[in-house]
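Bear in mind that the values in this text are calculations on the coordinates, not laboratory data. Owing to the predicted nature of the structure, the values given are computational and were not obtained by experimental measurement. Don't worry about glycine lacking a Cβ; one is built from the backbone with ideal geometry, like all the others, and counts go over all protein chains shown.
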Amino acid sequence: MRIVNRYNEIEKTPYNYGTDTRLHPSETHTIEFIGNNPNINVTKLAGLLGITKGAVSKRIQQLRKTGLVTKSVSPETENEVVLNLTDKGIQVYKAHAAYSKRLNRRIAALYADLPDEMIATLEEIGNETDKIFLEIATERKK
């Protein structure tokens with residue numbers, strides 16, 4: 001349970017990624033998805049993030065206000081709006097990618113010397129735990 005609580009603490013803590021703007025992880029992940037999908041529209045971004053279009057619009061409004069994201073008419077069709085990163089947004093995108101890479105390396109090092117059977121067991125435990133959390137989340141939405 002400590003790991004879950006620690007992760008929740010991380011998810012609530014803003015970080016600046018070398019800019020003058022402190023961002024919550026949800027905002028950083030939005031920047032990550034926009035950076036990975038240039039000219040993405042709100043509907044597609046909402047689907048990737050697993051949140052509503054309204055929630056994405058609100059988040060984009062904040063990211064535009066802080067100079068991280070642009071919103072413009074699609075080059076392909078005039079009735080669609082697309083999202084892209086500003087130079088400052090690209091700076092956050094790159095810094096977050098480097099941060100994630102370092103973190104993933106550290107975590108991978110924990111498992112590097114474990115036998116394959118133990119890794120398989122840990123993966124199974126993780127998958128089963130995920131199923132339980134999904135059931136709980138689904139029940140709470142009713």
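Below are the figures for this structure:
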{"read-out": "Amide proton proximity set for LEU23, modelled H, under 5 Å, gap of 5+", "value": "TYR15, ASN16"}
{"read-out": "Crossing angle, helix 25-36 versus the chain [Cα axis fit, 0-90 degrees, rounded to tens]", "value": "70 degrees"}
{"read-out": "Farthest positive-ward along the chain dipole, Cα basis, beta-carbon charges - from ALA120, THR138, ASN39", "value": "ASN39"}
{"read-out": "Kirkwood Rh and Cα Rg combined as Rg/Rh, region 1-57", "value": "1.04"}
{"read-out": "DSSP-assigned coil residues among trypsin sites (Lys or Arg not before Pro) in region 1-98, each with at most 13 further Cβ atoms within 10 Å", "value": "ARG22"}
{"read-out": "In sequence order, calculated HN-Hα J values of region 128-142 (Karplus, 6.51, -1.76, 1.60; Hz; x Gly/Pro)", "value": "5, 4, 4, 4, 4, 4, 5, 4, 4, 4, 5, 4, 5, 7, 6"}
{"read-out": "Unit charges on C-beta of K, R, D, E only; dipole of region 59-101, Debye", "value": "380 debye"}
{"read-out": "Under Karplus coefficients 6.51, -1.76 and 1.60, residue-wise ³J(HN,Hα) of region 44-54 in Hz, glycine/proline x", "value": "5, 5, 4, x, 5, 7, x, 10, 6, 4, x"}
{"read-out": "Label-to-label distance, nm, for residues given as ALA55 and ILE132 (7 Å Cα→Cβ offset)", "value": "2.4 nm"}
{"read-out": "Degrees between helix 87-111 axis and first principal axis of the chain (Cα, 0 to 90, nearest 10)", "value": "10 degrees"}
{"read-out": "Amide H within-cut-off set for THR70, under 5 Å, with H built and near neighbours excluded", "value": "ASN84, LEU85, THR86"}
{"read-out": "MRE, 222 nm, helices only [DSSP H, n ≥ 4, -39500 (n - 2.57), over the chain, to nearest 500]", "value": "-22000 deg cm²/dmol"}
{"read-out": "Cβ-placed point charges (K, R +1; D, E -1), dipole of the chain about Cα centre in debye, nearest 20", "value": "780 debye"}
{"read-out": "Karplus-derived HN-Hα couplings along region 11-20 (A = 6.51, B = -1.76, C = 1.60, θ = phi - 60°), whole Hz, x at Gly and Pro", "value": "5, 9, 9, x, 9, 9, 6, x, 10, 8"}
{"read-out": "Over the chain, relative contact order from alpha-carbon pairs under 8 Å, at least 6 apart, %", "value": "21 percent"}
{"read-out": "Sites GLN62 and LYS101, calculated FRET efficiency, Cβ-Cβ separation with R0 22 Å, nearest 0.05", "value": "0.25"}
{"read-out": "Sequence-distant residues sharing a close amide H with ILE40 (under 5 Å, placed H)", "value": "LEU83"}
{"read-out": "Among (1) 32, 20, 15; (2) 131, 16, 7; (3) 23, 17, 14, the entry that matches semi-axes √(5λ) of the Cα gyration tensor in Å as calculated here", "value": "(1)"}
